[in-house]
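Colleague: Below is one structure. I have some questions about it.
The values are calculated or read from the model by the stated rules, or taken from the named source; none is laboratory data. Since the model is a prediction, treat every value here as computed from it, not as a measurement. Every residue, glycine as well, gets a Cβ built from its backbone with ideal geometry; the counts of neighbours run over all protein chains shown. Just so you know, the surface numbers come from the protein's heavy atoms only, side chains and all, with ligands and any DNA or RNA stripped out. Shrake-Rupley method; radii C 1.70, N 1.55, O 1.52, S 1.80 Å.
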Amino acid sequence: MEIWNRHFECMDRTELRKVQSERLRETVERVYFNVPYYRNKMQEAGIGPESIQTIDDLHKLPFTTKQDLRDNYPFGLFAVPMSEIVRVHASSGTTGKSTVVGYTRRDIATWSEVMARTLTCAGADRNDFIHVAYGYGLFTGGLGLHYGGEKIGASVIPVSGGNTIRQLQLLVDFGSTVLACTPSYALFIAEAIEEAHIKREDLKLRVGVFGAEPWTENMRKEIEQKLNIKAIDIYGLSEVIGPGVASECLMQEGLHISEDHFFPEIIDPKTLEPVPEGKTGELVFTTITKEGLPLIRYRTRDLTRLNYERCRCGRSMVRMEKCLGRSDDMLIIRGVNLFPSQIESVILEMSEIKPHYLLIVDRVNNLDTLELQVEVDEAFFQDKISQLQNLRNKIQTNLESALGLGIKVNLVEPKTIERSEGKSKRVIDKRKF
């Protein structure tokens, strides 16, 4: 199995911790002397750069949150003069003020390096055609894959999102071998391929790299079956660098974190204390090589756990489990903690159901209600009403058995749920707190 940077990706872990310690010391000095926000936070905690000698001292440092980036909008957390920033990206700002990230030339080089690792993990090389259907622009997805594809010498097709009919034409005509997009858009493309009556032998796709939104193992099976490819999970967030933070290899046994650049911790989101190794908690990252926007102990809100065993592929980098959900996406329905991914996992076990659903949360007479709207296979929808009622009862029973929660199920016709060419919207919460 090919490994892009064997020196770092297979490094002995004792040696790796020396590298991490040295890079952390440099990062702490950089933020202390160049970012007033961090200097003030460290002084409030009674520590300075001299307090951080090894990676084991990381716990002394304060956390950073998305709100801190918003409070310092747009460039308040940058650690270099703007004359050294060569690229700016930003979030959409749909849930508040945008978070803005800046990259120096060395940051762009680091991004290309970790994306080259990601694509090599997926088995891609210079002989591949990479169809990038992530959005370009302020969103980091498109350009991240683009840099990595060029770094490994592959032929990159920068399609971006949207215009699905044209995407199908290019997939066929150019003979793309790697598809890069969100998993929900991969399913959308698979549907469009079926409707266009494109034969599998007309496509050369063999692998997909999918991320930017939570997805379940059942959704992976659905994508692999419909597109006849291997579906690889990738992970990243723009605040840290974009895609390229972590990626599965072809073993599909967890996502390798490039921890020579991004040091991970797992904490209890309530106590903020580290959890025992192997336990699930909130993922926290400290960037230890970034220049433009270094982040100290950034709380991702993503829930996962870490596995430090060497992978069968030969890489020694720690692996994170596919994210189970987000600590801030968790729904509390009548006292029960619930993640949308749990519902998805149940319904995708049922062949009568299509992988398109919407959760609507409301509060009626001071009681939380949860409705699941889910599409039914077209052939099944043409059956008798009594059979649809039986299917509805079956879904409700399966959900209640798995989740311990009664959920109203509403079966809808195919193509009723709005499709997304980017991140899919799974929840509408109408409650007013």
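Colleague: I need a count of the residues in the range 58-83 that are outside any loop (DSSP other than H, G, I, E, B), in contact with a helix residue (DSSP H, G or I) (Cβ under 8 Å, 6 or more places away or on another chain) and surrounded by 15 or more Cβ atoms within 10 Å (Cβ to Cβ).
Modeller: Qualifying residue count for the region: 2.
Colleague: Something else about it: Among the residues of the range 118-130, which ones are more than 23 Å from Glu253 (Cα to Cα), of a type outside the set (S, T, N, Q) and open to solvent by 30 Å² or more (accessible area, probe 1.4 Å)?
Modeller: Arg126, Phe129
Colleague: Same structure, new question: Could you list, in sequence order, all residues of the range 315-328 that are in contact with an Asp or Glu (Cβ under 8 Å, 6 or more places away or on another chain) and part of a loop (DSSP other than H, G, I, E, B)?
Modeller: Arg315, Ser316, Met317, Val318, Lys322, Cys323, Ser327
Colleague: Which of the residues that make up the range 361-379 are open to solvent by less than 60 Å² (accessible area, probe 1.4 Å) and either β-branched (Val, Ile, Thr) or more than 14 Å from Val409 (Cβ to Cβ) (or both)?
Modeller: Correct list: Val361, Asp362, Asp368, Thr369, Val374, Val376, Asp377.
Colleague: Just a yes or no: is a residue in the range 3-11 farther than 30 Å from Gly153 by Cβ, β-branched (Val, Ile, Thr) and surrounded by 13 or more Cβ atoms within 10 Å (Cβ to Cβ)?
Modeller: Among the residues of the range 3-11, not one is farther than 30 Å from Gly153 by Cβ, β-branched (Val, Ile, Thr) and surrounded by 13 or more Cβ atoms within 10 Å (Cβ to Cβ), which makes the answer no.
Colleague: Next up: In the list Met330, Met317, which residue meets the criterion of being in contact with a helix residue (DSSP H, G or I) (Cβ under 7 Å, 6 or more places away or on another chain) and either among the aliphatic types (A, V, I, L, M) or modelled with pLDDT under 95 (or both)?
Modeller: Going through Met330, Met317 in turn, the sole match is Met317.
Colleague: Please go through the range 318-360 and pick out each residue that is more than 25 Å from Ala190 (Cβ to Cβ) and either open to solvent by less than 20 Å² (accessible area, probe 1.4 Å) or free of Cβ contacts under 8 Å to residues at least 40 places away in the same chain (or both).
Modeller: Selection gives Val318, Arg319, Met320, Asp328, Met330, Leu331, Ile332, Ile333, Gly335, Asn337, Leu338.
Colleague: Here's something else I'd like to know. Give me the pairs: first residue in the range 158-177 and free of Cβ contacts under 8 Å to residues at least 40 places away in the same chain, second residue among the β-branched types (Val, Ile, Thr), beta-carbon distance under 6 Å, and six or more apart or on different chains, which are they?
Modeller: Final answer for the pair search is Pro158/Val132; Gln167/Val159.
Colleague: While we're here: Please indicate, with yes or no, whether at least one residue in the range 131-143 is within 26 Å of Phe263 (Cβ to Cβ), buried (at least 21 other Cβ atoms within 10 Å of the Cβ) and modelled with pLDDT of 95 or more.
Modeller: Yes: one or more hits.
Colleague: Of everything in the range 75-106 that's touching an Asp or Glu at 6+ places or on another chain (Cβ under 9 Å) and modelled with pLDDT under 95, which residue is nearest to Thr289 (Cα to Cα)?
Modeller: Thr99
Colleague: Of all residues in the range 399-410, count the ones that are open to solvent by 60 Å² or more (accessible area, probe 1.4 Å) and part of a helix (DSSP H, G or I).
Modeller: Here the count works out to 3.
Colleague: For the range 1-41, give me the residue count where each residue is in contact with a Lys or Arg (Cβ under 9 Å, 6 or more places away or on another chain), assigned to a helix (DSSP H, G or I) and aliphatic (A, V, I, L, M).
Modeller: 1
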